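Only one structure is covered here, and it is reproduced in the block below.
The values are calculated or read from the model by the stated rules, or taken from the named source; none is laboratory data. Please read all numbers here as calculations on a predicted model, not as lab measurements. Cβ placement follows ideal geometry from the backbone for every residue including glycine, while neighbour counts extend to all protein chains displayed. Note: accessible area is taken over every heavy atom of the protein model, side chains too, but ligands, DNA and RNA are not part of it. Shrake-Rupley method; radii C 1.70, N 1.55, O 1.52, S 1.80 Å.
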Amino acid sequence: MIPFNKPYLTGKEIEYIEDAVKSGKISGNGIYTKNAKITLKKNMDLKNAY
């Protein structure tokens, strides 16, 4: 059977989720959002990422 909507976890996802919840930044503008923007800008040669 193929699992439906089961997340594929590869390593530290639970740790990162816990960190985000503890920081109180779970709806954006936290460290993970900022890191994602930096990665997108760098890897896709963008001036900005929103």
With the first residue restricted to region 25-43 and required to be over 17 Å from Glu15 (Cα atoms) and free of Cβ contacts under 8 Å to residues at least 60 places away in the same chain, and the second required to be open to solvent by less than 70 Å² (accessible area, probe 1.4 Å) and in a loop (DSSP other than H, G, I, E, B), Cβ contacts under 7 Å at 6 or more apart or on different chains are Lys37/Ala49; Leu40/Ala49; Lys41/Ala49
How many residues of region 32-48 are among the β-branched types (Val, Ile, Thr) and open to solvent by less than 100 Å² (accessible area, probe 1.4 Å)? The answer is 2
When region 9-31 is examined, which residues are found to be more than 14 Å from the chain's Cα centre (by Cα) and open to solvent by 100 Å² or more (accessible area, probe 1.4 Å)? Lys22
